[in-house]
Amino acid sequence: MNKKIFIYLLLFFLASPIFANSAVVFIYHRFGETKYPSTNITLEQFSYQLNYLKSNNYNVWSLSKIINYLNSKKTLPPKTVALSIDDAYLSVYTDAYPMLKSKKFPFTIFVNTNAVDNRSKNYITWNMMREMQNSGAEFANHSLSHEYLLPKKDESDAVWERRIRKEIQNAQLRLQKELGDDTNTNPKLFSYPFGEYNIKMTQILNELGYIGISQTSGAIGESSDMLALNRFPMAEAYASEDGFKTKLNTIPMPIESVSLKEPVIEKGTSPKLRIKLQEHLKGLRCFISSGEAIELEWISKTEVEIYSDRPIKSPRDKYTCTAPANDNKWYWYSHLWIVQ
């Protein structure tokens, strides 16, 4: 092959969205606790996923390592994945940890520290965390109490902000005291309880030097919002073999801007979301959480308006948009709505 043609093709494929510098992050809560289907993954499902990642040569990295690569503009290897776990339930240690350890996979656990300090039998202990640290686990901030962190009714802005700062900063102090001074510091990660946040909360988080982690689905890349990074939830209903493989094959949608970033909306409303894309995407479709298709209207070749023809149901929902990409991959973008 002519050298100039080879270089041209190489540059073309490296610039192609399919080689986008991105990774897929999964979120888990409970393992083998079938009485909690909305937050549980069966052990059979989890075993399949870990075996699939291993046998198909995925690069399973800690979440902090992936974020540091993205922030430093370093190129991630293809097929990079992170496994994150919220809440630090006991089944993380008794069921998930042995499986992860056998594969030598790193993983990230977000801890709400009051439950651990109160020695609840439903949660792991600090000693268990120290043991898991020696086998590839990292621990990050999920607040003190795991309460809803959006403003309460009749709560003043000043009182609310003091509460938020206490929840974040005191939990971080507990993590560092128990697990070491360098725990959750490079970078500082905070997972929003229940996945809920507003723009003001992201500003506080940014001021405190944290990366914000959401529960809204989608792959992450260099252009992702570092105050609301996406993860794919892996509960029983979403953890089928085909569903898992589909999510592994997602890349961030090439978005230039979003018109309505505030996720908190009033009850009885149906917000219009306007997205400006970096390029026109054929086959773009959008849905609410039930899987029902919603309306989209092209304003221009690269700008689209998305809306539901009925009010968003409380307490939470989302608009999720997908479009086919090259090599059997999918562009994926989700936008959270919180009804108040």
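Values quoted throughout were computed directly from the atomic coordinates according to the rules given, and no laboratory measurement underlies them. All of these numbers come straight from a predicted model, not from anything done at the bench. We place every Cβ from the backbone using ideal geometry, glycine too, and count neighbours over all the protein chains shown.
Gap in Å between the Cα centre of segment 293-340 and the Cα centre of segment 99-177? Cα centres, segment 99-177 to segment 293-340: 31 Å.
By the rule of a C-alpha distance below 13 Å, with chain neighbours fewer than 8 residues away ignored, the aspartates and glutamates paired with residue 267 are 317. Springs join every pair of Cα atoms under 10 Å in this Gaussian network model of the chain, and among 315, 98, 37 the largest mean-square fluctuation is at 315. Taking amide H atoms as placed 1.01 Å from N in the peptide plane, the amide H of residue 140 lies under 5 Å from those of 109, 110, 111, each 5 or more residues away in sequence or on another chain. Taking every C-alpha pair closer than 8 Å and separated by at least 6 residues, the mean separation divided by the residue count of segment 210-283 gives a relative contact order of 24 percent. Solvent-free Debye calculation, one equal scatterer per alpha-carbon of the chain: log10 I(q)/I(0) at 0.09 Å⁻¹ equals -0.49.
Computed over the chain, the per-residue total of -39500 (n - 2.57) for DSSP H runs of n ≥ 4 gives a 222 nm mean residue ellipticity of -8500 deg cm²/dmol, rounded to 500. The H on the amide N of residue 216, modeled in the peptide plane, is under 5 Å from the matching H of 231, each at least 5 residues off or on a different chain. Here, segment 100-251 yields an orientationally averaged convex hull projection of 10.7 nm² when only Cα atoms define the hull. In plain terms, the chain from residue 153 to residue 101 could stretch by 14.3 nm, reckoned as 0.36 nm per residue minus the Cα-Cα distance.
When 44, 305 are arranged by Cβ crowding within 10 Å, least crowded first, meaning fewest neighbours, the order is 44, 305. Taking other C-beta atoms within 10 angstrom as a stand-in for reagent exposure, 262, 33 fall in the order 262, 33, fewest first. Counting only Cα atoms, segment 256-339 measures 39, 24, 19 Å along its principal axes, largest extent leading. Taking only Cα atoms and a 10 Å spring cutoff, compute GNM fluctuations for the chain and point out the largest among 283, 243, 32. Evaluated over the chain, the most mobile residue of the options is 283. Express the Stokes-Einstein translational diffusion coefficient of segment 10-158 in µm² s⁻¹, to the nearest whole number, given a Kirkwood radius over alpha-carbon pairs, 4 °C and a viscosity of 1.567 mPa s. Rounded, D is 76 µm²/s. Of the GluC sites (Glu not before Pro) found in segment 120-212, the ones in coil according to DSSP and having at most 13 other Cβ atoms within 10 Å of their Cβ are 155. Restricting segment 21-67 to trypsin sites (Lys or Arg not before Pro) that sit in a DSSP loop and have at most 16 other Cβ atoms within 10 Å of their own Cβ leaves 35. If you bin all the Cα-Cα distances of segment 207-283 at 10 Å, starting from zero, the percentages per bin are 14, 37, 38, 10, 0. Across the chain, the mean sequence separation of Cα contacts (distance under 8 Å, 6 or more residues apart), normalised by length, yields a relative contact order of 16 percent. DSSP beta bridges fully contained in the chain are about 45 percent antiparallel. Near the amide H of residue 274, within less than 5 Å, lie the amide hydrogens of 259, 260, 306, all on another chain or at least 5 residues away, with H placed in the peptide plane.
Considering only 322, 304, 281, the residue lying farthest towards the positive end of the dipole of segment 256-339 is 322, judged by Cα position with unit charges set on Cβ. Return the single residue from 249, 112, 170 with maximal mean-square fluctuation; model: Gaussian network over the chain, springs between Cα atoms under 10 Å. Its mean-square fluctuation being the largest, the pick is 170. Sites listed here are GluC sites (Glu not before Pro) in segment 228-282 whose DSSP assignment is loop and whose Cβ has at most 15 other Cβ atoms within 10 Å: 266, 279. Shown for 143, 72: other C-beta atoms within 10 Å of each C-beta, ranked fewest to most, produce the order 72, 143.
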